[in-house]
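The values are calculated or read from the model by the stated rules, or taken from the named source; none is laboratory data. What you see is a predicted model; the values in this text were computed from it and never measured. Here the Cβ positions follow ideal geometry from the backbone for every residue, glycine too, while neighbour counts run over all protein chains shown. Side chains are part of the model used for accessible areas, which takes the heavy atoms of the whole protein and leaves out ligands, DNA and RNA. Shrake-Rupley method; radii C 1.70, N 1.55, O 1.52, S 1.80 Å.
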Amino acid sequence: IAMFQKQNILEDILILSVDLVCIVISILLSYVLRYGEQVGMYLRGDAAWIIGGICLMYILLNAFVDLNHHFFRRGYIDEFISTIKAMAMLLVAFIVLLYLMHFSTNFARLVFAYFVISGTILMFLGRICLKRFMLTYYKKSKFSNRMILITTSDRVKDIIAHLYERNDWNRVLSGIILTDKNRTGNSIKGYEVVAAGDDIIDYVTKNDID
């Protein structure tokens, strides 16, 4: 359980970091699109406060709402819907903050519109890039964990199907050990049976297993 909790915390930090970078870029882009060559004047004033306020609101939102549930299992459509929901909640919270601080009249509506559009697109693309990097490159790197599945022949296919469904980015299944049958050398759903039940200790001590 502790292992999965640590993984979930790390996932939340990675996703939050990507989202915040996308939010900051989208705010800066919105000011550039709205004010053009005069953007420097506005960036020195309102933008700094707005960037800090929006980022703080998004961090607090993530602390109280689970926006990343099944992040690595979500497809493109589900991720886009999740991004829209996250942006919508952020905007509602930020509008309330602007109203409470009597700052809403000074905030350019066009900047706000640009931010909504660019923020949603950039956040969606950022999340997709994060998924691809973690599942395509990190998972196959030396930093991911190599694990062996030790189970019985009647449960092995169901467990592999569950691992596929989880789509973990930090663990790679290196092989299978069946405790009730000796099928060493055969493969099950693309994974090699590397040892029999009697050879567990010998195999684990001689191979790189996390």
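Where does the longest stretch of the chain lie that holds no chymotrypsin sites (Phe, Trp or Tyr not before Pro) found in a DSSP loop with 16 or fewer other Cβ atoms within 10 Å?
In the chain, the maximal stretch lacking such sites is 1-102.
How much length, in nm to one decimal, is gained on full extension between residue 13 and residue 162, taken as 0.36 nm per residue of separation minus their Cα-Cα distance?
51.2 nm
Across all directions of projection, what mean area in square nanometres is found for the Cα convex hull of the chain?
14.5 nm²
For the chain, set up a GNM with springs between Cα atoms under 10 Å and report which of 19, 168, 66 has the largest fluctuation.
In the Gaussian network model the winner is 66.
Just reorder 89, 57, 123 by solvent-accessible area, largest first, 1.4 Å probe, all chains present.
Values: 89 70, 57 40, 123 0 Å².
My answer, sorted largest first, is 89, 57, 123.
Between residue 96 and residue 186, what is 0.36 nm times their sequence separation minus the Cα-Cα distance? Round to one decimal in nm.
This chain segment gains 26.3 nm when fully extended.
With a 1.4 Å probe and all protein chains in place, put 83, 120 in order of accessible area, largest first.
The residues order as 120, 83, largest area first.
Obtain the nm distance between the two label points defined at residue 60 and residue 141 by a simple spin-label model: each point lies 7 Å from its Cα along the Cα-to-C-beta direction.
Placing both labels 7 Å along Cα→Cβ, they lie 3.5 nm apart.
What is the percent carbon and sulfur in the accessible area of region 76-210, measuring with a 1.4 Å probe over the protein chains and ignoring ligands? Intermediate results must be reported in sequence, preceding the final value.
Numbers: 4850 of 8270 Å².
So the carbon and sulfur contribution to the accessible surface is 59 percent.
Using each residue's phi in region 69-86, evaluate 6.51 cos²θ - 1.76 cosθ + 1.60 at θ = phi - 60° and report the 3J(HN,Hα) Karplus result to the nearest Hz, with x for Gly and Pro.
4, 6, 4, 7, 9, 6, x, 4, 5, 4, 5, 5, 5, 4, 5, 4, 4, 5
Take the Cβ-Cβ distance between residue 121 and residue 89 as r, set R0 to 22 Å, and report the resulting FRET efficiency rounded to the nearest 0.05.
The computed FRET efficiency comes out at 0.80.
If you roll a 1.4 Å probe over the heavy atoms of the protein chains, what accessible area per residue do you get for the chain, in Å²?
Ligands and nucleic acids excluded, the figure is 60 Å² per residue.
Angle check, please: helix 48-64 long axis (alpha carbons) against the longest principal axis of the chain (alpha carbons), in degrees 0 to 90, nearest 10.
Long axis of 48-64 versus the principal axis of the chain: about 40 degrees.
Mean residue ellipticity at 222 nm from the helices of the chain, using -39,500 (n - 2.57) per DSSP H segment of n ≥ 4 over the full residue count, to the nearest 500 deg cm²/dmol?
One gets -19500 deg cm²/dmol as the mean residue ellipticity at 222 nm.
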